[in-house]
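*Asks:* There's a structure below that I have some questions on.
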């Protein structure tokens, strides 16, 4: 059975070729550009640690008609609301 998403075209997927595509692809760059970038990159060692900023705690209770949303990372959030 074929997955349903394989039949739908999007700006990132071509169902005729069964391939994902990058619509913002910069076609003016080649392998030589990659090698130049690697050779001239300003590489610095990763730090042993990075201090996290202190953030206030989310409210223990949320008033009726309001929501408390705390973003965790780039794709996760914690949500709270009054029942």
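*Asks:* What FRET efficiency, computed as 1/(1 + (r/R0)^6) with R0 = 41 Å and r the Cβ-Cβ distance, is obtained for residue 31 and residue 78, rounded to the nearest 0.05?
*Replies:* Numbers: r = 44 Å, r/R0 = 1.08.
Approximately 0.40, to the nearest 0.05.
*Asks:* Helix 31-40 versus the longest principal axis of the chain: what is the Cα-based angle in degrees, 0 to 90, to the nearest 10?
*Replies:* Approximately 60 degrees, to the nearest ten.
*Asks:* Ignoring everything except DSSP H segments at least 4 long, calculate the 222 nm mean residue ellipticity for the chain; use -39,500 (n - 2.57) per segment, divide by total residues, nearest 500. Provide the component values of the computation, followed by the final result.
*Replies:* On the way: 1 runs with 10 residues, N = 83.
Only helices count here, giving -3500 deg cm²/dmol.
*Asks:* Here are labelled values, [x] 12.9; [y] 7.9; [z] 4.9, and one is the computed mean projected area of the Cα convex hull in nm² for what I pasted. Which one?
*Replies:* [x]
*Asks:* Hey, with R₀ at 35 Å, roughly what FRET efficiency would residue 50 and residue 8 work out to, going by the Cβ-Cβ distance, to 0.05?
*Replies:* Values: r = 41 Å, r/R0 = 1.17.
Efficiency, from the Cβ-Cβ distance: 0.30.
Only the coordinates and a few stated rules stand behind these numbers; no lab work does. From a predicted model like this one, the values you see are computed outputs, not experimental measurements. All Cβ positions, even for glycine, are placed from backbone atoms using ideal geometry, and neighbour counts span all protein chains on display.
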